[in-house]
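This report refers to the structure that appears directly beneath it.
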Amino acid sequence: MRRSLTKTEIIRKKEEINRIFRQGKAISCRGMRLISLSNNLGYDRIIVIPAKHFGNAVERNKARRRAKEIFRNYEHRLSSEEPMENEGRDFALILYPGKVSTFSLLESGFCDLLDRTRRK
């Protein structure tokens, strides 16, 4: 069983990030915003972006690691529910400072946003 996201599941190129922000649909909840866009790759990809003034590097990296772990676990649960879906999605998660200080708050908010994007 893998313990992290693969390199193909993480968005790194600037033009791909810009495309998500220009063409994607945004959904927000307390402390975070999720922008999603279809990618036609057959698998989901993510980038986690802490907003300006999120704190020091330790806090930013901790938030990124937590969000990626939640995404990895959530993606695994969805794969058994939707085996027919062949279309992947790109996600950009923007985290705001102070609003999601604990893992459980981040998990509940992020899973709620992912559920709302899946229903559309």
> Which whole-Hz ³J(HN,Hα) couplings does segment 54-60 yield from phi under the Karplus relation 6.51 cos²θ - 1.76 cosθ + 1.60, θ = phi - 60°, glycine and proline marked x?
Replying inline: 6, x, 7, 4, 4, 5, 4
> In terms of modelled amide H atoms, which long-range or inter-chain residues lie less than 5 Å from the amide H of ARG45?
Replying inline: ARG89, ASP90, PHE91
> With +1 on each Lys and Arg Cβ and -1 on each Asp and Glu Cβ, how big is the dipole of the chain about its Cα centre, in debye rounded to the nearest 20?
Replying inline: 520
> Roughly how many nanometres apart are two label points built 7 Å out from the Cα toward the Cβ at ASN61 and TYR43?
Replying inline: 2.5
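Lysine pairs in the chain 8 or more apart or on different chains: how many have alpha carbons under 17 angstrom apart? Display every interim value, and only then the final one.
Details: LYS7/LYS68; LYS25/LYS120; LYS52/LYS62; LYS52/LYS99; LYS62/LYS99.
Taking the Cα cut-off of 17 Å, the pair count is 5.
Antiparallel versus total DSSP beta bridges in the chain: what percent is that, nearest 5? Don't skip to the answer; put the middle values down first.
Numbers: 12 of 19 bridges.
Here the antiparallel bridges make up roughly 65 percent for the chain.
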>> Would segment 7-119 count as rounded, prolate or oblate if I go by the C-alpha gyration tensor, calling it rounded below 1.5 in a/c and otherwise prolate when a/b exceeds b/c, oblate otherwise?
In response: prolate
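Read-outs throughout are calculated quantities, based only on the coordinates presented, and are distinct from any laboratory measurement. Quick caveat, the model's predicted, so the values are computed rather than measured. Glycine gets a Cβ as well: all are built from the backbone with ideal geometry, and neighbour counts include every protein chain shown.
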